[in-house]
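What follows is calculated from the coordinates using simple rules that are stated; it is not laboratory data. As the structure is a computational prediction, the values presented were derived from the model and not from experiment. Here the Cβ positions follow ideal geometry from the backbone for every residue, glycine too, while neighbour counts run over all protein chains shown.
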Amino acid sequence: MNTIDFHKTTTRELKAIQDRIRNLVPNWLEDGMYKEAVLRGLIRNFLPKNFEIASGYVARQTGNRGTHQVSPQIDIIIYDNNYPVLFKKEELVVVTADSVRGIIEVKSSDQSENVTETLNKCNQKGQFIWQGKQDKKNPIFNGIFYYNLNRKTDIQIRRYLTADHQRASNLQPTNKFIVDHISYGENKFYKFWKNQIVNDHRNFLYRTEDLSFSFFISNLISYLQPTSVANNNFLWFPVDKSFNERIIWHF
């Protein structure tokens, strides 16, 4: 059995759906809700039963009874369903910060965008959730998922990450909530190693032919069930992305 080919089907599935919609709907790039729903549906197939996935908002209490704060809208929230939910209606939820284990921003980037604004907002959403948690043991999975990535956006992301002082290895607790995973289309994948330093670095951009989407999801699952993923590491990560020619950039 070929585990690599199995994981590549994740990329093929998402790209095939994208192409099917583009052939029917000319304004696919404007249909962000559908792109999010497709990705949510795929991720849901991999989630342990005690986790749920939806779009929505995160609420946290203030120091004053009767008042609260709420996050901006989040494309994808992965939360522990052992916690109570403030509001749920179909694919929309409002959950408390303590239940959130991951958030994902979904992008197309076939066209130009303000990369600095995107990454800053994602960092701020992660910080908002982190500050609302009582138990700060586990970091938050904070990802950006690009279905496609043009060269201009690619360069802008690298420039931003290189200049982002929050990515210094000695900063705590900042590195517990900032963006740590970016799927650069189907062939490249960025990871910020929140829990460890690899070869004296935390920031890596990997070349992963047709495996970026799968690695993105596998890393999410490893946040939720680290022991099981570690015990079955070769099944979740069929190629060694850490110590070979697939490393194409680090700082």
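Quick notes on this one:
- For the peptides 44-57, 214-227, the ranking by packing is 214-227, 44-57, with the highest mean count of neighbouring Cβ atoms within 10 Å listed first.
- Two-site FRET efficiency, Lys49 against Lys136, from Cβ-Cβ distance with R₀ of 30 Å, rounded to 0.05: 0.75
- An ellipsoid equivalent to region 61-128, defined through the eigenvalues of its Cα gyration tensor, has semi-axes of 25, 16, 10 Å when rounded to whole angstrom and sorted largest first.
- Cβ-Cβ FRET estimate between Asp98 and Asn195, R0 fixed at 30 Å, reported to 0.05: 0.90
- Förster radius 30 Å - calculated FRET efficiency between Met33 and Ala59 (Cβ-Cβ, nearest 0.05): 0.90
- Nearest-20 debye value, the chain charge dipole, Cβ charges on Lys, Arg, Asp, Glu: 480 debye
- Counting every other Cβ atom within 10 Å of each residue's Cβ, His165, His201 order from fewest to most as His165, His201.
- Spatial separation of Cα centroids for region 49-105 and region 186-237, in angstrom: 25 Å
- By the helix-only formula, in which each DSSP H run with n ≥ 4 contributes -39500 (n - 2.57) and the sum is divided by residues, the chain has a 222 nm mean residue ellipticity of -11000 deg cm²/dmol.
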